Amino acid sequence: MDDRRNAPRLSVSLNAMWDSSTDAHSARITDLSEGGCYLDSVGEVRHGEIVGFRVLLPDEDWLYLEGEVRHHGSNGFGVQFVDLNEEQTEKLRWLLRIANEAGPDAEPISADLVEE
């Protein structure tokens, strides 16, 4: 399969929540770039669908993003980000910088949801 990504992907481990037309779903983002990410999750999506999701950042802040589903399978789906505003872009670049500075041998950066 041809890899058409324009930005390097970094390994991450971030909790996320995404909404379908019928339900909210939990997910784990396992790779991330300036152009998109992969959400490891169950739930029905269609190629070309716009999915909104919230990512829990390492500083415990949330980042809301939207992406167009570019591919999907039984274990998750990849999205290409759409219509990022300046704040979203800035937070995304901060997150990528943290992951990149950790280096290729480091554990993926992580943010976990905590039950209260």
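Among the residues of segment 5-33, those identified as free of Cβ contacts under 8 Å to residues at least 24 places away in the same chain, not small (Gly, Ala, Ser) and not in a strand (DSSP E or B) are THR22, ASP23. In segment 76-87, the residues that are closer than 19 Å to TYR38 by Cβ form Cβ pairs under 9 Å with partners that are of a type in the set (Lys, Arg) and surrounded by 16 or more Cβ atoms within 10 Å (Cβ to Cβ), at six or more places apart or across chains, as follows: GLY76/ARG28; PHE77/ARG70; GLY78/ARG70; VAL79/ARG70; GLN80/ARG70. For the residues ARG9, ARG4, ARG28, the requirement of being basic (Lys, Arg), at pLDDT below 85 and within 14 Å of the chain's Cα centre (by Cα) singles out ARG9.
Search segment 34-53 for residues that are more than 14 Å from LEU14 (Cβ to Cβ) and part of a loop (DSSP other than H, G, I, E, B) and pair each with any residue that is among the polar types (S, T, N, Q) and at pLDDT 95 or above when their beta-carbon atoms are under 7 Å apart and the residues are at least 6 apart or on different chains. Between residues of segment 34-53 that are more than 14 Å from LEU14 (Cβ to Cβ) and part of a loop (DSSP other than H, G, I, E, B) and residues that are among the polar types (S, T, N, Q) and at pLDDT 95 or above, the close pairs are GLY35/GLN80.
Scanning segment 31-60 for residues that are modelled with pLDDT of 90 or more, of a type in the set (Gly, Ala, Ser) and surrounded by 15 or more Cβ atoms within 10 Å (Cβ to Cβ) turns up SER33, GLY35, GLY36, SER41.
Does at least one position in segment 69-82 carry a residue that is closer than 19 Å to VAL12 by Cα and part of a loop (DSSP other than H, G, I, E, B)? Scanning segment 69-82, I find at least one residue that is closer than 19 Å to VAL12 by Cα and part of a loop (DSSP other than H, G, I, E, B), so the answer is yes.
Residues in segment 71-84 that are surrounded by fewer than 16 Cβ atoms within 10 Å (Cβ to Cβ) and farther than 20 Å from LEU96 by Cβ: 4 in all.
What's the number of the only condition in (1) outside any helix (DSSP H, G or I); (2) buried (at least 16 other Cβ atoms within 10 Å of the Cβ) that LYS91 fails to meet? Checking LYS91 against (1) outside any helix (DSSP H, G or I); (2) buried (at least 16 other Cβ atoms within 10 Å of the Cβ), the one that fails is (1). Kindly list the number of the only condition in (1) part of a loop (DSSP other than H, G, I, E, B); (2) in contact (Cβ under 8 Å) with a residue 24 or more places away in the chain; (3) in contact with a strand residue (DSSP E or B) (Cβ under 9 Å, 6 or more places away or on another chain) that fails for LEU65. The failed condition is (1). If you go through segment 47-70 and keep only what is among the small types (Gly, Ala, Ser) and closer than 16 Å to LEU96 by Cα, you end up with nothing.
The values are calculated or read from the model by the stated rules, or taken from the named source; none is laboratory data. Since the model is a prediction, treat every value here as computed from it, not as a measurement. No Cβ is skipped: glycine too gets one built from the backbone with ideal geometry, and neighbour counts run over all protein chains shown.
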